[in-house]
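Enquirer: Dropping the structure in here first, questions after.
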Amino acid sequence: MKPRLPPWLSRNVLTLGLVSLLNDAASDMIAPLFPIFLTVTLGGAPAMLGLVEGAADATASVLKLVSGRIVDRWGRRVPLVVGGYALAALTRPLLAMATGPWMVLVLRVTDRVGKGLRTTPRDALLAAGAPPERLGSVYGFHRAMDHFGAVIGALLAAAALTLGVSDLRTLFFYSAVPSFVALLLLVLLVREPPVDPPVVLVVEAPVPVLVPGKAVAVKAVPPPPWTTPFPKGRLRWYLAAVALFGLGHASDAFLLLKAGLPAEEGGGGVPMAALPLLWMALHLVKSLASAGAGPLADRFGRRRLIAAGWVVSAGIYVGFGAAASATTFVTLFVVYGLYHGLVEGAEKAVAAQLAEDGATGTALGWYHLVTGLVALPAGLLFGWLWTVFGAPVAFAVGATLALLGLVPLAISARPVPSAA
């Protein structure tokens with residue numbers, strides 16, 4: 001007997017999940033080793049790691065907002081999704097040929113251009129075919145597939161290193177294979193859902209009419225996609241909460257770097273060959289938590305789940321600051337995946353829920369813009385606190401900011417006159 005899938009698990013949702021799984025398998029064959037590749041193989045300074053990651057995230061964030069406006073105006077999402085994944089697939093083999101940190105910077109920014117083009121249209125595509133009451137389940141499923149792809153990618157990287165592939169460039173080149181398979185699935189199986197026809201705005205002519213008794217109808221000229229009104233009402237408070245939390249949230253690349261540092265330097269002392277396994281364990285927890293958290297968010301409240309995840313994040317950060325052994329650090333690193341699983345799908349679902357009619361892409365674009373742009377000052381703040389005051393202070397400040405974000409999060413749940 002053929003198993004019955006839940007009604008919200010449409011072909012688009014299932015295929016986009018598989019595409020993300022394959023694409024992240026490719027990406028995460030690289031991710032756990034990228035800090036070592038940049039700083040050791042290519043001789044880049046740790047500050048260069050912050051520049052590369054910050055510039056890449058900022059580029060993606062701006063384009064996520066622009067692409068959201070484009071799909072709201074254009075009504076088509078699939079072409080941008082395909083173009084974004086194609087750009088990522090093309091840049092990965094080029095990374096294997098990088099000869100210096102600046103070339104890596106250019107390639108990472110180019111890769112993030114692809115991410116910026118595809119992410120918001122993809123999220124809008126997921127929302128287009130889902131019942132509003134099951135948005136948490138849809139986004140939770142997608143995040144689970146995404147993280148499970150990271151598990152597969154990390155396992156492939158660890159297996160390659162164990163079997164004697166010592167050249168990271170060779171490993172990076174192989175990572176292009178699942179990227180192109182994902183692109184093929186996307187082109188063959190994902191279809192544009194039907195959209196409502198655009199509304200034509202009819203206004204009275206501001207000048208005397210030429211024909212007595214008849215009005216002149218004109219089409220309103222929409223603003224260009226790179227301009228967008230600032231969010232209002234509850235969406236504004238929600239984005240403020242996301243920004244405040246994100247300001248204290250360090251990049252996972254720094255956690256990997258800390259894991260690989262010797263114990264006498266305050267790190268976890270994890271061997272390079274074991275870093276992909278640590279990354280795999282983190283994403284396995286993320287995947288399992290995301291799959292279970294989506295339905296919980298729909299049933300018990302998405303903001304409640306976000307608040308619980310932020311509290312978990314704050315507690316884990318305090319633990320990171322106080323960790324004194326490799327065992328403790330590895331345990332915290334894995335449990336840290338619970339935070340991601342609890343909040344990632346729920347955060348997108350709330351952003352989509354607060355969107356104005358016909359502006360889901362724009363609302364999701366604002367969400368991605370805020371989370372991405374705040375990553376650069378967050379990394380600089382975290383790094384400065386660590387350098388000047390030490391790791392415990394940096395992690396303590398991050399935990400405090402996470403808890404402060406609960407205030408505007410609670411305000412965003414209150415009805416206001418300008419709410420979306």
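Enquirer: Which of (1) more than 15 Å from the chain's Cα centre (by Cα); (2) in a helix (DSSP H, G or I); (3) within 23 Å of Leu354 (Cβ to Cβ); (4) of a type outside the set (D, E, K, R) is the odd one out, the single condition Val151 does not satisfy?
Expert: (3)
Enquirer: Could I ask something else about it? Within region 96-106, does at least one residue satisfy the condition of being farther than 27 Å from Ser290 by Cα, touching a helix residue (DSSP H, G or I) at 6+ places or on another chain (Cβ under 7 Å), modelled with pLDDT of 85 or more and small (Gly, Ala, Ser)?
Expert: Within region 96-106, one or more residues are farther than 27 Å from Ser290 by Cα, touching a helix residue (DSSP H, G or I) at 6+ places or on another chain (Cβ under 7 Å), modelled with pLDDT of 85 or more and small (Gly, Ala, Ser).
Enquirer: Next question, about the same structure. Of all residues in region 374-391, which are closer than 26 Å to Leu117 by Cα and modelled with pLDDT of 80 or more?
Expert: The answer is Val374, Pro377, Ala378.
Enquirer: Hey, does region 90-100 have a residue that's in contact with a Lys or Arg (Cβ under 6 Å, 6 or more places away or on another chain) and surrounded by 24 or more Cβ atoms within 10 Å (Cβ to Cβ)? Outline the logic, then answer.
Expert: Looking only at region 90-100, we keep the residues that are in contact with a Lys or Arg (Cβ under 6 Å, 6 or more places away or on another chain), and these are 96.
Remaining after also requiring surrounded by 24 or more Cβ atoms within 10 Å (Cβ to Cβ): none.
Checked region 90-100: no residue is in contact with a Lys or Arg (Cβ under 6 Å, 6 or more places away or on another chain) and surrounded by 24 or more Cβ atoms within 10 Å (Cβ to Cβ).
Enquirer: Based on this model, can you work out whether Val81 counts as aliphatic (A, V, I, L, M), crowded, with 21+ Cβ neighbours inside 10 Å and at pLDDT 85 or above?
Expert: yes
Enquirer: Kindly check whether there is at least one residue in region 189-206 that is of a type outside the set (Ser, Thr, Tyr), on the phi < 0 side of the Ramachandran plot, at pLDDT 85 or above and in a helix (DSSP H, G or I). So that I can check it myself, show each step before the final result.
Expert: Going through region 189-206, the residues of a type outside the set (Ser, Thr, Tyr) turn out to be 189-206.
Imposing the further condition that a residue be on the phi < 0 side of the Ramachandran plot reduces the set to 189-206.
Cutting the leftovers down to at pLDDT 85 or above gives us 189-191.
Adding the requirement that they be in a helix (DSSP H, G or I) leaves 189.
Checked against the condition, which is being of a type outside the set (Ser, Thr, Tyr), on the phi < 0 side of the Ramachandran plot, at pLDDT 85 or above and in a helix (DSSP H, G or I), region 189-206 yields at least one hit.
Enquirer: For region 167-176, check the following and say yes or no: at least one residue is modelled with pLDDT of 85 or more, touching a Lys or Arg at 6+ places or on another chain (Cβ under 6 Å) and assigned to a helix (DSSP H, G or I).
Expert: Yes, there is a match, as at least one residue in region 167-176 is modelled with pLDDT of 85 or more, touching a Lys or Arg at 6+ places or on another chain (Cβ under 6 Å) and assigned to a helix (DSSP H, G or I).
Enquirer: Consider Pro132 against the criteria (1) out of contact with any helix residue (DSSP H, G or I) (no Cβ under 6 Å at 6 or more places or on another chain); (2) crowded, with 24+ Cβ neighbours inside 10 Å: it satisfies all of them except one. Which criterion is unmet?
Expert: The one condition Pro132 does not meet is (2).
Enquirer: Does at least one position in region 395-403 carry a residue that is aromatic (Phe, Trp, Tyr) and within 29 Å of Met280 (Cβ to Cβ)?
Expert: yes
Enquirer: A further question follows. Return the residues of region 20-54 that are of a type in the set (Gly, Ala, Ser), outside any helix (DSSP H, G or I) and touching a Pro at 6+ places or on another chain (Cβ under 7 Å); say none if nothing qualifies.
Expert: Gly44
Enquirer: Of all residues being in contact (Cβ under 8 Å) with a residue 60 or more places away in the chain and crowded, with 23+ Cβ neighbours inside 10 Å in region 330-346, which is nearest to His249 (Cα to Cα)? Just the residue, please.
Expert: His340
Enquirer: Among (1) closer than 23 Å to Thr15 by Cβ; (2) in a helix (DSSP H, G or I), which single condition is Asp57 missing?
Expert: (1)
Enquirer: If you check every pair at least six apart or on different chains, which have Cβ atoms under 6 Å apart with a residue in region 140-162 that is in contact (Cβ under 8 Å) with a residue 12 or more places away in the chain first and a residue that is buried (at least 24 other Cβ atoms within 10 Å of the Cβ) and basic (Lys, Arg) second?
Expert: His147/Lys286
Enquirer: Tell me which of these Leu305 doesn't satisfy, since it passes every other one: (1) at pLDDT below 85; (2) buried (at least 18 other Cβ atoms within 10 Å of the Cβ).
Expert: (1)
Enquirer: Can you tell me which residue is farthest from the chain's Cα centre (by Cα) among those in region 241-257 that are surrounded by fewer than 21 Cβ atoms within 10 Å (Cβ to Cβ) and either more than 16 Å from Val343 (Cβ to Cβ) or charged (D, E, K, R) (or both)?
Expert: If we take residues in region 241-257 being surrounded by fewer than 21 Cβ atoms within 10 Å (Cβ to Cβ) and either more than 16 Å from Val343 (Cβ to Cβ) or charged (D, E, K, R) (or both), then Leu257 is farthest from the chain's Cα centre (by Cα).
Enquirer: OK, next. If Leu90 passes every condition in (1) under 26 Å from Val138 (Cβ atoms); (2) free of Cβ contacts under 8 Å to residues at least 12 places away in the same chain; (3) of a type in the set (A, V, I, L, M) but one, which one does it miss?
Expert: Of the numbered conditions (1) under 26 Å from Val138 (Cβ atoms); (2) free of Cβ contacts under 8 Å to residues at least 12 places away in the same chain; (3) of a type in the set (A, V, I, L, M), the odd one out for Leu90 is (1).
Enquirer: Another one. With respect to Gly379, determine if the residue is in contact (Cβ under 8 Å) with a residue 60 or more places away in the chain and buried (at least 22 other Cβ atoms within 10 Å of the Cβ).
Expert: no
Enquirer: Next question. Starting from region 382-399, take each residue that is among the β-branched types (Val, Ile, Thr) and list its partners that are part of a helix (DSSP H, G or I) and buried (at least 18 other Cβ atoms within 10 Å of the Cβ), counting only C-beta distances under 7 angstrom and pairs at least six apart or across chains.
Expert: Within 7 Å, the pairs are Val393/Leu385; Val397/Leu385.
Enquirer: Let me ask something else about it. Could you tell me which numbered condition Pro271 fails, if it satisfies all but one of (1) in contact with a helix residue (DSSP H, G or I) (Cβ under 6 Å, 6 or more places away or on another chain); (2) under 27 Å from Ala26 (Cβ atoms); (3) at pLDDT below 80?
Expert: Condition (1) is where Pro271 drops out.
Enquirer: Right, next: Please state which of the following conditions Arg112 fails to meet, knowing it meets all the rest: (1) under 25 Å from Ala144 (Cα atoms); (2) part of a helix (DSSP H, G or I); (3) more than 18 Å from the chain's Cα centre (by Cα); (4) among the basic types (Lys, Arg).
Expert: (3)
Enquirer: Within region 310-329, can you find the residues that are crowded, with 19+ Cβ neighbours inside 10 Å, of a type in the set (Val, Ile, Thr) and closer than 30 Å to Ala127 by Cα?
Expert: Across region 310-329, the qualifying residue is only Val312.
The values are calculated or read from the model by the stated rules, or taken from the named source; none is laboratory data. Computed from a predicted structure; not experimentally measured. Don't worry about glycine lacking a Cβ; one is built from the backbone with ideal geometry, like all the others, and counts go over all protein chains shown.
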